[in-house]
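Bear in mind that the values in this text are calculations on the coordinates, not laboratory data. All values derive from a computational prediction rather than experimental measurement. Using ideal geometry, Cβ is built from the backbone for each residue, glycine included, and neighbour counts are taken over all protein chains shown.
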Amino acid sequence: PPLFSAITMAPRDPILGITEGFNADQNPAKVNLGVGVYYDDNGKVPLLECVKKAEAILMEKFAPRTYLPIEGLAAYDKAVQELVFGADSAVVQEKRAITAQAIGGTGALKLGADFLKRFAPDAQVWISDPSWENHRALFESAGFTVNNYPYYDASTRGVNFSGMLNALNTMPAGSIVLLHACCHNPTGADLTDDQWTQVIAVVTTRGLVPFLDMAYQGFGDGIEADGKVVRRFAEAGGALFVSNSFSKSFSLYGERVGALSIAASSAEEAARIMSQLKRVIRTNYSNPPIHGGQVVATVLSTPELRQLWEEELAGMRIRIREMRAAFVSKLKEKAPAHNFDFVTQQRGMFSYSGLTKEQVEKLRDNNSIYAVDTGRICVAALNKRNIDVVIDAITAVL
Ligand code: PLP
């Protein structure tokens with residue numbers, strides 16, 4: 001039979017499907033809360049000043065576009081490693097960590113997954129229930145069986161911590177545990193410091209392999225505070241995988257800038273790991289693109305640009321906080337019978353709002369307000385102009 005005739009249609013990406021529906025909607029008052037992107041108060045994806053300045057510096061050089069090394073731009077890898085683990089950390093000082101530039105956070109996860117499949121082929125992967133919708137597909141496509149550990153508790157609108165801890169306590173040694181370092185996507189519910197202490201203890205003593213996904217550093221409580229979990233895991237010793245992304249924190253979505261870092265127990269072990277990781281990269285895409293990495297490296301290693309980045313990132317974080325607070329206080333006024341206080345406890349761009357699938361459908365059909373079926377809304381898509389429309393529509397469907 002002809003090769004292509006047996007190919008069936010793949011299901012649509014649920015999140016990208018929302019944006020397709022939104023784009024086709026003619027209502028001028030439409031609002032897209034289904035996205036995973038930070039919008040400024042004008043409803044636009046910002047181009048950060050620090051990025052503009054770094055690009056101006058790069059533009060003046062008119063440098064040739066040679067291939068980067070397989071593991072990426074050296075200045076980028078160094079700056080990212082210091083950001084992720086801390087320049088003064090033992091892993092960095094003792095050269096026990098390796099960092100490879102990756103095609104966004106997604107690319108970093110895929111590199112880690114492919115690497116793990118080569119060296120831990122029989123391990124299984126555990127992700128939170130729920131998790132970023134691509135985690136499961138990504139690890140499955142690398143050949144792993146993917147399981148869920150309990151995470152979100154709809155009744156408390158928080159973390160089912162005892163369920164999570166129980167699951168960690170019963171996984172076979174060597175299991176790969178994917179954890180959101182901060183700003184859990186999709187729920188917005190993060191662990192407390194004390195809960196992390198318990199998770200780190202179980203993961204370490206039971207010989208589980210932690211894989212921290214940090215796609216939103218700086219969107220929770222600040223760059224340092226959000227990265228603390230990574231440092232604490234590194235201090236605990238043992239194998240550690242960290243994927244990070246600058247898509248959101250630099251508003252550089254389309255440049256695809258991320259990295260995979262791995263902490264090992266010695267410099268010699270780290271060198272062996274890097275040599276094997278390079279084979280994974282070489283057979284995937286050979287080496288990463290140059291521009292985004294140069295922009296981020298320039299910002300991170302130029303003190304005044306770095307200062308500017310930290311201020312601009314703080315601006316995004318504070319605006320999201322303000323939107324959370326406004327969302328809660330306006331609903332308190334309009335729908336006093338309902339308690340939305342949990343929204344201000346959540347961290348990052350997202351909120352599991354508690355809206356049901358039926359309510360989400362009504363918001364879309366009656367008001368052209370688009371959210372994810374699960375009730376996930378992107379708080380970063382709210383602004384001073386659309387929030388009242390959104391609040392009135394939600395009040396009407398409650
Ligand atoms: N991990 C999580 C939890 C995310 O939410 C995202 C993006 O939405 C990613 C990874 C992927 O990041 P990137 O767009 O840089 O590939």
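Numbers below:
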| item | result |
| --- | --- |
| Angle in degrees between helix 267-284 and the longest Cα principal axis of the chain, rounded to the nearest 10 | 60 degrees |
| Efficiency of FRET from Cβ geometry, LEU398 and ARG12, R₀ 30 Å, rounded to 0.05 | 0.55 |
| Pair-distance profile P(r), taking every C-alpha pair of the range 147-249, with 5 angstrom steps and integer % | 2, 12, 25, 26, 21, 11, 3, 0 |
| Burial ranking of peptide ranges 179-188, 117-126, 7-16 (average Cβ count within 10 Å, highest at the top) | 179-188, 117-126, 7-16 |
| Debye log10 I(q)/I(0) at q = 0.10 Å⁻¹ for the range 271-354, Cα point scatterers | -0.54 |
| Most to least packed among 243-255, 83-95 [average Cβ atoms within 10 Å] | 243-255, 83-95 |
| Cα gyration tensor of the range 201-328 - equivalent ellipsoid semi-axes, whole Å, descending | 29, 22, 13 |
| Between the range 263-295 and the range 90-146, the Cα center-to-center distance that results, in Å | 13 Å |
| Using alpha-carbon coordinates, inclination of helix 291-301 to the longest axis of the chain, degrees | 80 degrees |
| 222 nm mean residue ellipticity, helices alone, for the chain (DSSP H n ≥ 4; -39,500 (n - 2.57); rounded to 500) | -15000 deg cm²/dmol |
| Three-way shape label, the range 5-138, alpha-carbon gyration tensor, a/c 1.5 | oblate |
| Computed label-point distance, nm, for sites ARG306 and SER266 using a 7 Å Cα→Cβ extension | 3.1 nm |
| Relative compactness, the range 77-221, computed as alpha-carbon Rg over 2.2 N^0.38 Å | 1.04 |
| Three-way shape call for the range 243-291 based on the alpha-carbon gyration tensor, with the a/c threshold at 1.5 | oblate |
| Rg/Rh for the range 254-398, where both radii come from Cα atoms and Rh is the Kirkwood radius | 1.15 |
| Size of charge dipole - the range 112-217 - debye, nearest 20, with Cβ of Lys, Arg +1 and Asp, Glu -1, no other charges | 200 debye |
| Rh (Kirkwood; distinct C-alpha pairs) - the chain, Å | 22.1 Å |
| Hull shadow area, averaged, the range 35-113 [alpha-carbon convex hull, nm²] | 8.1 nm² |
| Helix 49-61 axis, angle to the chain major axis (alpha carbon atoms, nearest 10°) | 40 degrees |
| Distance cut-off 18 Å, percentage of C-alpha pairs in the range 313-370 lying past it | 45 percent |
